[in-house]
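First up is the structure itself, then whatever we jot down about it.
Each value in this text was obtained by applying a stated rule to the coordinates, not by laboratory testing. Please read these numbers as outputs of a predicted model, since none were measured by experiment. All Cβ positions, glycine included, derive from the backbone under ideal geometry; neighbour counts span all protein chains shown.
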């Protein structure tokens, strides 16, 4: 199939047509007729759809026989549309000819003007193979604990997590900039600034409603300790970031599809990958961002979906071991920085959402805090031994 190209004259005004489906139809006709699929074969667009956390709308394009042909994504912001379009083309090139993993192919694209006169966009993409990995977690959580059925499903899930780890390791190793020893400073400072904002909000509220809230949950939390630990681990991270790579940026079980029969992984929702790419297309991100976000989300989604902690821990260990065996690498400083940040971010967002907080979230944050603190103590002890 020819490369997807976008012409400046193809900026469409959604307010001037009867329905957004007409735009998808035009895109479908251009992209899909080249595969001997006529527009007249398509069912109604938008019958099956979803809205992501950004507000972007996803619709499935099917044939008259119900076959999934493509996915159309409507972007409410031009910047998100451009970011995902750019990232898909670049990541597809990085993973070119790789039989075990891919990103969706861009079939067609258009910039659009939304009814409120703001710019947006539409991408028509090839459909991901298989099922979302979080569907597999949901299925396991519904099975009887300890049952043969659940044990078999867990084995399959471990295989999928292994393939996910290998995919991220491949992405990171292929995009690693070996000419640089450190991750881009501007990239790092954006996360450091976010951490500072989260900590400030914690400290502002820690003397107000936190004590009563945590008491109701039967949990405890020391805002002063996390400030001290985060400050120390940030300094250590800045001294040893590891080489820059291109990171997915939002790595979790809902953003990849797993096809068991072919053992194939498809990464989706990739606009955040652009945060790890500089203006010249060079890598500038941290592999630990993907690694830590993925294992944290395994814990977050798993606990919410009725998975046992030993099962979650098994999946996390499987991911970390498989990632290392596949050639992926990160510094321990970067791991603790991003792991602690992921856990802190989850608790912060939960509190913001009308106190949608659980004891498990706080326990996981305390675990990350304890592991980071232990790493710092071991690191300091090692430096003292060398000095003496």
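The label-point distance for residue 186 and residue 350, in a model that sets each label 7 Å from Cα toward Cβ, rounds to 3.5 nm.
The mean sequence distance of close C-alpha pairs (under 8 Å, at least 6 residues apart), as a share of the length of the range 171-283, puts its relative contact order at 38 percent.
With Rh defined as the Kirkwood radius, the inverse of the mean 1/r over Cα pairs, the Rg/Rh of the range 268-323 is 1.12. Once you reduce the range 189-242 and the range 86-123 to the center of their Cα atoms, the two points are 36 Å from each other.
Between residue 93 and residue 381, the contour length at 0.36 nm per residue exceeds the Cα-Cα span by 99.2 nm. Working ranking of peptides 124-136, 157-169 by packing, defined as the average number of other Cβ atoms within 10 Å per residue, highest first, is 157-169, 124-136.
Remark: C-alpha extents of the range 132-387 on the principal axes read 52, 50, 39 Å, sorted largest to smallest.
Averaging 1/r over each pair of different alpha-carbon atoms in the range 236-388 and inverting the result gives 17.0 Å, the Kirkwood hydrodynamic radius.
Just so you know, the Cα atoms of the range 149-201 work out to an Rg and Dmax of 18.1, 49 Å. Measuring r between the beta carbons of residue 220 and residue 197 and using R0 = 35 Å, the FRET efficiency lands at 0.90. Roughly how far apart, in whole Å, are the Cα centres of the range 315-370 and the range 273-302? Each part reduced to its Cα centre gives a spacing of 13 Å.
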